[in-house]
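Student: Right, I'll just put the structure down here and ask away after.
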Amino acid sequence: MYKVSSALHFVRSSQRLARVESDEAHWIPNTDVYTTETGMVIKVELAGMKREDLHLTVEGNRLYIAGHRPDGCRAPKCNFLVMEINYGPFETVIEIPPEFDAGQATAVYQNGFLRIDVPMAKGESGQRLKNVKPAEEF
């Protein structure tokens, strides 16, 4: 399954999800991705989770965000009238365009939101890369 924007690909990777040992359904959290003058910001909505239940991994140009949101508030034998909140394991894979340096990303989890800042990549001389199309043009 792919959610595609004009700039990035969000991938639900069944290969990596197979590592999660659970019969629960998998879900993809709501995510905003935008650029600034200094880099890219990835903001993921993860209300009800603990920081230690989140796992971030960078492999090449891919950023893997995974975790498990427990449902500890539900009565054991309840009948839902509406169920819109996702629980259980999740994973999102974001392909980072080459003008950003995923290896230098920083992350903060606060008030139910995970914010990942990915700076612009620098050339060998330490200067920002030139002549690279902005993410909006991909």
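The values are calculated or read from the model by the stated rules, or taken from the named source; none is laboratory data. Predicted, not measured: the structure shown is a model, and the values here were computed from it. FYI the Cβ positions are ideal-geometry reconstructions off the backbone, even for glycines, and counts take in every protein chain you see.
Student: Could you tell me whether any residue of segment 33-49 is within 22 Å of P97 (Cβ to Cβ), at pLDDT below 85, hydrophobic (A, V, I, L, M, F, W, C) and assigned to a strand (DSSP E or B)?
Tutor: no
Student: Could you grab me the full set of residues in segment 103-125 that are surrounded by 11 or more Cβ atoms within 10 Å (Cβ to Cβ) and in a strand (DSSP E or B)?
Tutor: Correct list: A107, Y109, F113, L114, R115, I116, D117, V118, P119, M120, K122.
Student: Output the residues belonging to segment 24-75 that are more than 14 Å from I94 (Cβ to Cβ) and of a type in the set (G, A, S).
Tutor: Hits for segment 24-75 are A25, A47, G48, G67, G72, A75.
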